[in-house]
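Below is one structure; the comments refer to it alone.
The values are calculated or read from the model by the stated rules, or taken from the named source; none is laboratory data. None of the values given here were measured: they were computed from a predicted structure. Glycine gets a Cβ as well: all are built from the backbone with ideal geometry, and neighbour counts include every protein chain shown. With ligands, DNA and RNA removed, areas are computed over all heavy atoms of the protein, side chains included. Shrake-Rupley method; radii C 1.70, N 1.55, O 1.52, S 1.80 Å.
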Amino acid sequence: MQQWFSEAKLGIFIHYGIYAVKGVSESWSFYHGRLSHEEYLDQLNGFTAKNFDADKWAELIEKAGARYAVLTSKHHDGVAMFDTQYSDLSVVKRSPAKRDIVKEFNAAIQKRGIRTGVYFSLIDWSHPDYASVYEGGRVPEDLSTVNKYTSPTDGVQDEARWQNFIQFNCNQLGELLTNYGPVDLLWFDGDWERSAEQWGLPEFKTYLQSFNKDIIINSRFAGHGDYKTPEQGIPITRPDGPWEFCTTINRSWGYQPRDTHYKTLKQILRMFVDCISMGGNMLLDIGPMEDGTIPPQQEEILLGLGKWIKENEEAVFGTNEGIMLRYWAGGSTLSKDKKTVYLFVHDTPQESLCLKGLSTPIKRITVLHTGKELTHVVHGGVPWFNIPGTTWINISPEDAHEHITVIKVELEDEIDMYGGSGAVVTHN
């Protein structure tokens, strides 16, 4: 696993495609019959990307404090957002935009040193060779009765057609990994419709690594991914190994004008610090409009997120996961040398903050965004059994940040938290 990923902390996910024309759900809107496949693909005729400015997007992502970005290159609908020679179904060939969105975007973020991620759907509900498995193992006489977008794995597979589709996927991924600058991360989706054996794993992964031996692949790869990708519901406890929480800025992945259920900046900041407190990243999704404009409310949230990160970046970048929640309920991070702990305070403090179980002597405590030094007192403890007292940090409401306050606690030595048996416990 590449070190850059675990140190990135924040990524921006971008669902951009023809589904923004009518503001419908990406791919699923025709899968569930809310409109026909033909009506869905007709959105190609309205996709102009006339205001798409890759440099402006990259600037916003940088200002948000993100270290990597993941753009949809092809969703389940099969519509490529890049110039592929293996299909006519692309915005380059079939839409008024006639632009290679992926190429422009990747070039823009790479200029700013932002790591490049590419979303790619393994399934393709528009490809003639994809729907080659039928329910119950029987090929019906009347194929019009079949939901051609549904492919249960217990059906009969036309092996020749399936291998043709697998080759098609390999070809398009080869294009993306060859022609679009260094791709650092592949964000797959759709693996659930086939087994690892059907996807050709692990050989498929070896093929992808032949383009870049250091490429990182998410968990939606039939058990062969490199890190976990919980979606929408933030983990209650820390997932094992490297991980990333992906979530929408409102309730939709792509642009849907009727979706006004935006998360507040405070809520997004809370989710973010919860992620980094547990050693993970947050991948925050936005959905640009058809013309390439990022909705103002989404832009405002990204800028607010970036402003807070910049004011408190010492507690974000170059840190590891923090101490267990039983010691400090708000979440925390630790410096690499384990001599500084950063405590996240979510509410306005009234008098003092309670830090339990800290055995290491304190050198200094400050409010990170202002530098103001705070006093503290330790009450209780049983020193002859090496049981530490409770640390009370004196703080007033005036010291608080408008969103989340970070308290920097510098220690005389490496942090030692009392674990009930004297054990050092410095992870969640």
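Please report the relative contact order for the chain, taking Cα pairs under 8 Å with a sequence separation of at least 6, and give it as a percent rounded to a whole number.
Working: 891 pairs, mean separation 66.8, N = 428.
Averaging sequence separation for qualifying contacts and normalising by length gives 16 percent for the chain.
List residues of the stretch 80-119, by number, whose backbone nitrogen lies under 13 Å from a label position 7 Å along Cα→C-beta of Gln2.
Of the residues in the stretch 80-119, 110, 113-118 have backbone N under 13 Å from the label point off Gln2.
What number do you get for the chain when its Cα radius of gyration is normalised by 2.2 N^0.38 Å, N = residues? List each step's numbers first, then the result.
Values: Rg = 24.6 Å, N = 428, 2.2 N^0.38 = 22.0 Å.
Ratio of Rg to 2.2 N^0.38 Å for the chain: 1.12.
Within the chain, which is the longest segment containing none of the GluC sites (Glu not before Pro) that sit in a DSSP loop and have at most 13 other Cβ atoms within 10 Å? Display every interim value, and only then the final one.
Details: sites that count: Glu141, Glu351, Glu402, Glu412, Glu414.
Here the longest run is 142-350.
Take the Cβ-Cβ distance between Glu314 and Met271 as r, set R0 to 22 Å, and report the resulting FRET efficiency rounded to the nearest 0.05. Could the numbers behind the result be given before it?
Values: r = 20 Å, r/R0 = 0.92.
Computed FRET efficiency for Glu314 and Met271 comes out at 0.60.
Report the full-extension gain for the segment Lys111 to Thr370: residue separation times 0.36 nm, less the Cα-Cα distance, to one decimal in nm. Present the calculation step by step, with values, prior to reporting the outcome.
Numbers: separation 259, 0.36 × 259 = 93.24 nm, distance 3.25 nm.
Going from the current span to full extension adds 90.0 nm.
Taking DSSP loops as anything outside H, G, I, E and B, show the longest stretch in the chain free of trypsin sites (Lys or Arg not before Pro) there with at most 10 other beta carbons within 10 Å.
On the way: sites that count: Arg138, Lys213, Arg258, Lys336.
Longest run free of exposed loop sites: 1-137.
Grab the eigenvalues of the alpha-carbon gyration tensor for the stretch 22-66, scale each by 5, take roots, and send me the semi-axes largest first in whole angstrom. Walk me through the numbers before you get to the answer.
Working: eigenvalues 182, 41, 6 Å².
Value: 30, 14, 6 Å, ordered largest first.
Can you work out the FRET efficiency for the pair Ser210 and Val156, with r the C-beta to C-beta distance and R0 = 41 Å, to the nearest 0.05? The partial results should precede the final answer.
On the way: r = 32 Å, r/R0 = 0.79.
The value I calculate is 0.80.
Along the Cα→Cβ direction, 7 angstrom out, place labels at Trp384 and Lys339. What is the inter-label distance in nm?
Simple spin-label model gives 3.4 nm for this pair.
With a cap of 16 neighbouring Cβ atoms within 10 Å, and only residues DSSP puts in a loop, list the chymotrypsin sites (Phe, Trp or Tyr not before Pro) found in the stretch 1-103. Write out the running numbers ahead of the final one.
Working: sites: Trp4, Phe5, Phe13, Tyr16, Tyr19, Trp28, Phe30, Tyr31, Tyr40, Phe47, Phe52, Trp57, Tyr68, Phe82, Tyr86; in loops: Tyr16, Phe47, Phe52, Phe82, Tyr86.
When the chymotrypsin sites (Phe, Trp or Tyr not before Pro) of the stretch 1-103 are filtered for loop state and at most 16 Cβ neighbours within 10 Å, Tyr86 remain.
Under a 1.4 Å probe, what is the accessible area of the chain per residue, stated in Å²? Walk me through the intermediate numbers first.
Working: 18230 Å² over 428 residues.
Value for the chain: 43 Å² per residue.
Could you give me the radius of gyration and the Dmax of the stretch 248-392, taking only the C-alpha atoms into account and expressing both in angstrom?
18.9, 69
Sequence neighbours fewer than 8 away in the same chain don't count; with that in mind, list the lysines whose C-alpha is under 29 Å from Lys213.
Cross-link targets: Lys9, Lys74, Lys103, Lys111, Lys205, Lys228, Lys336.
Please check: in the Gaussian network model of the chain (C-alpha springs, under 10 Å), which one of Met282, Met81, Met417 has the largest mean-square fluctuation.
Among Met282, Met81, Met417, the largest mean-square fluctuation in the Gaussian network model of the chain belongs to Met417.
Quick one: divide the alpha-carbon radius of gyration of the stretch 8-101 by 2.2 N^0.38 Å and tell me what you get.
Normalised by 2.2 N^0.38 Å, the Cα Rg of the stretch 8-101 equals 1.15.
To one decimal place, what orientation-averaged projected area in nm² is obtained for the convex hull of the Cα set of the stretch 166-208?
Numbers: hull surface 12.7 nm².
Averaged projected area of the stretch 166-208's Cα convex hull equals 3.2 nm².
From the mean inverse distance of alpha carbon pairs (Kirkwood) and the Cα radius of gyration, derive Rg over Rh for the stretch 317-379.
On the way: Rg = 11.8 Å, Rh = 12.8 Å.
When Rh is taken as the Kirkwood radius, the ratio is 0.92.
Could you tell me what percent of the accessible area of the chain is made up of carbon and sulfur, with a 1.4 Å probe and every protein chain present?
On the way: 8900 of 18230 Å².
Solvent-exposed carbon and sulfur of the chain make up 49 percent of the total.
By its C-alpha gyration tensor, with a ≥ b ≥ c as the square roots of the eigenvalues, how is the stretch 175-237 shaped: rounded for a/c under 1.5, else prolate for a/b larger than b/c, else oblate?
Oblate, because a/c is 1.5 or more while a/b does not exceed b/c.
Inverting the mean 1/r over all pairs of different Cα atoms, compute the Kirkwood radius of the stretch 333-428 and quote it in Å. Display every interim value, and only then the final one.
Details: mean 1/r = 0.0720 Å⁻¹.
The answer is 13.9 Å.
Could you work out how far the C-alpha centroid of the stretch 361-386 sits from that of the stretch 169-187, in angstrom?
50 Å
Give me the one-decimal nm value for the distance between modelled label points at Glu203 and Lys50, 7 Å along each residue's Cα-to-Cβ direction.
According to this spin-label approximation, the distance is 4.9 nm.
Between His37 and Thr348, what is the FRET efficiency for a Förster distance of 60 Å, r being their Cβ-Cβ separation, to the nearest 0.05? Working shown, then result.
Numbers: r = 53 Å, r/R0 = 0.88.
Efficiency for this residue pair is about 0.70.
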